[in-house]
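Engineer: Pasting a structure here, questions to come.
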Amino acid sequence: MKVLIAVTHLLGTGHLSRALTLGRAFSRPGHAVTVISGGFPAPQLSLEGVQIEQLPPLRSDGVAFTRLLGEGGEVADEAYLARRVHQLETVVQAREPDVLITELYPFGRRALRAEFRALLEAAKALPRPPLILSSIRDILAPPSKPQKAVDADAMIERYYDGVLVHSDPKATRLEVSWPVSDMLAAKLHYTGYVAPPAAAPHPDGVGKGEILVSAGGGSVGDALYACAIEAAKEMPDYSWRILVGGADAAVRIAELHDPSSPASLEPARSDFRAMLPHAAASVSMCGYNTALDLLQSGTPAVLVPFDAGKEVEQTLRAKSLSPLPGFEVEAAATLTPARLATALRRVMQDTQRSLDGFEFDGAGQSVEIAATLLRGQRA
């Protein structure tokens, strides 16, 4: 199969990370995979097994997801967006994919609906149109208005052959965060969680006994980092390592540095997942990939869901994890160094949670589902 995956990450790098994991799963049996990335490059992520087509990159202006900034930090104008559309159409016409997957759209990325529509139309116009699938995580940002769900349904009904829901339905069903119509329900395929294989403990023992603080690969989390720097002063018996994401990590580390705190700060690391099994505890937000890393490693964790700009996705995910042993949830709005230290002491004394019972091979299952649907389409 020739597989084309279109993804644009606007704030963190979770969407791109999940799309690459999916792409690698398709490449392992020998399928040719192209990932069209519309966000800024994320050099810490592995591109093994996939070919990247980089669009003129976009990022959101913080949590203002309808205000899109281009490569130089300027608001992306019509000419900039038109370059993206032209490249999308050119790639799909040149690749003639058997399978086209749009990550998140049409359940999100409404600000980019014109370019996704152009991509879908170009695919449908091919001599042999591809199987078209949407790829979504376990929990979506619930529609702020009923019309958004109606519009998404209309796009699914017109263009899509199926929706890959990257969740274990025993844990979370799509209905938790999105209204599921009868039409949509008939097109849902639960894959299990899309996660890379569980990381082996770091061969050098990096992270052993430490409290690891992270906020993903984007330029977010400064308030969490600052709180952790202060909380470290209340728990001086532990080594604290704060991993700062984003291309501007060095500048922000310099701004955050406090010589009176025992916490060390460094840029986000590609071996973070291997560090987790050694750690005494983790402090993080609750994005999809982070939640899976914690479930796979069993590391005690304090979750501080990202909730700026009326975002509720991470809060819903954290609530779904909170009944499990070894998880504590603290709201960002009420987090203080003292509350963080108390939550850490509590979670590190909790029962060790089991690593069994969840389906993590969602990427492999997605390959099987796509192959089955494609055979049915072309029978």
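Engineer: May I ask you to give the solvent-accessible area per residue for the chain, in square angstrom, as obtained with a 1.4 angstrom probe?
Structural biologist: With all protein chains present, the chain gives 42 Å² per residue.
Engineer: About its Cα centre, what dipole magnitude does the stretch 204-343 give when the only charges are +1 on Lys and Arg Cβ and -1 on Asp and Glu Cβ, stated in debye to the nearest 20?
Structural biologist: 260
Engineer: Charges at C-beta only: +1 for Lys and Arg, -1 for Asp and Glu. How large is the resulting dipole of the stretch 224-268 about its Cα centre, in Debye rounded to 20?
Structural biologist: For the stretch 224-268, the charge dipole is close to 80 debye.
Engineer: While we're on this one: Explain nothing, just compute: Karplus ³J(HN,Hα) = 6.51 cos²θ - 1.76 cosθ + 1.60, θ = phi - 60°, for every residue of the stretch 196-204 in order, whole Hz, x for Gly and Pro.
Structural biologist: Whole-Hz 3J(HN,Hα) from phi for the stretch 196-204: x, x, 3, 6, 6, x, 4, x, 9.
Engineer: Please name whichever of Val33, Gly73, Ser60 sits farthest to the positive end of the charge dipole of the stretch 28-82, dipole taken about the Cα centre and charges placed at Cβ: Lys and Arg +1, Asp and Glu -1.
Structural biologist: Val33
Engineer: Per DSSP helix of 4 or more residues, -39500 (n - 2.57); summed, then divided by the residues of the chain. What does that give at 222 nm, rounded to the nearest 500?
Structural biologist: For the chain, the value works out to -11000 deg cm²/dmol.
Engineer: Distances over 17 Å make up what percent of all Cα-Cα pairs in the stretch 27-75?
Structural biologist: In whole percent, the share of Cα-Cα pairs in the stretch 27-75 beyond 17 Å is 46.
Engineer: Further question on the same structure: Give the share of C-alpha pairs in each 10 angstrom bin for the stretch 54-142, from 0 to the last occupied bin, in whole percents, shortest bins first.
Structural biologist: Per 10 Å bin, starting at 0, the Cα pair percentages come out as 16, 44, 33, 8, 0.
Engineer: Cross-link partners among lysines for Lys208, C-alpha distance below 30 Å, same-chain residues fewer than 8 apart left out?
Structural biologist: Counting by Cα, and skipping residues close in sequence, Lys208 has these lysines nearby: Lys233, Lys319.
Engineer: Tell me which of Ile136, Gly376, Ser181 sits at the most positive position along the dipole axis of the chain, charges placed on C-beta atoms (Lys, Arg +1; Asp, Glu -1).
Structural biologist: Gly376
Engineer: From the protein chains alone at 1.4 Å, what is the descending order of accessible area for Ser354, Ser135, largest first?
Structural biologist: The residues order as Ser354, Ser135, largest area first.
Engineer: By how many degrees, 0 to 90 and rounded to 10, does the Cα axis of helix 337-348 deviate from the longest principal axis of the chain?
Structural biologist: 80
Engineer: Could you tell me how many degrees, from 0 to 90 and to the nearest 10, lie between the Cα long axis of helix 362-378 and the main elongation axis, the longest principal axis, of the Cα atoms of the chain?
Structural biologist: Taking Cα atoms only, the helix is inclined about 10 degrees.
Engineer: Express in nm, to one decimal, how much length is gained between Leu47 and Asp204 on full extension, taking 0.36 nm for each residue of separation and deducting their alpha carbon distance.
Structural biologist: Fully extending the segment from Leu47 to Asp204 adds 54.1 nm.
Engineer: Got a sec to turn the phi values of the stretch 216-224 into Karplus ³J(HN,Hα) couplings, 6.51 cos²θ - 1.76 cosθ + 1.60 with θ = phi - 60°, whole Hz, x for Gly and Pro?
Structural biologist: Each residue of the stretch 216-224 in turn: x, x, x, 8, 10, x, 4, 5, 5 Hz.
Engineer: Ok, one more. What are the semi-axes of the equivalent ellipsoid of the stretch 11-51, taken as the square roots of 5 times the eigenvalues of the Cα gyration tensor, listed largest first and rounded to whole Å?
Structural biologist: So the three semi-axes of the stretch 11-51 are 19, 9, 8 Å.
Engineer: Take each of the peptides 228-238, 62-72, average the number of other beta-carbon atoms within 10 Å over its residues, and list them starting from the highest.
Structural biologist: Packing order, densest peptide first, comes out as 228-238, 62-72.
Engineer: Follow-up. Sorting check: for 341-349, 255-263, which peptide has the highest mean count of neighbouring beta carbons within 10 Å, and how do the rest follow?
Structural biologist: So the peptides 341-349, 255-263, ranked by packing, come out 341-349, 255-263.
Engineer: To check my understanding: the extent here is largest minus smallest coordinate of the Cα atoms along each principal axis. What are those three numbers for the chain, in Å, largest first?
Structural biologist: 66, 46, 43
Engineer: Convert each backbone phi in the stretch 81-89 into a coupling constant with the Karplus relation 6.51 cos²θ - 1.76 cosθ + 1.60 (shift: θ = phi - 60°), then list the ³J(HN,Hα) values in order as whole Hz, x for Gly and Pro.
Structural biologist: So the Karplus estimates, Gly and Pro as x, are 5, 5, 4, 5, 4, 4, 5, 4, 5 Hz.
Engineer: Then there's this: Report the semi-axes of the equivalent ellipsoid for the stretch 1-160 in whole Å, largest first, where each axis is √(5λ) for an eigenvalue λ of the Cα gyration tensor.
Structural biologist: 22, 19, 16
Engineer: Still on this structure, I have one more. With all protein chains present, calculate the accessible area of His15 using a 1.4 Å probe and round the result to the nearest 10 Å².
Structural biologist: 30
Engineer: Normalised radius of gyration for the stretch 165-287, please: alpha carbon Rg relative to 2.2 N^0.38 Å, two decimal places.
Structural biologist: 1.34
The values are calculated or read from the model by the stated rules, or taken from the named source; none is laboratory data. Quick caveat, the model's predicted, so the values are computed rather than measured. Because the Cβ atoms are built from the backbone with ideal geometry, glycine has one as well, and the counts that use them run over all protein chains shown. SASA here: full protein model, heavy atoms, side chains in, ligands and nucleic acids out. Shrake-Rupley method; radii C 1.70, N 1.55, O 1.52, S 1.80 Å.
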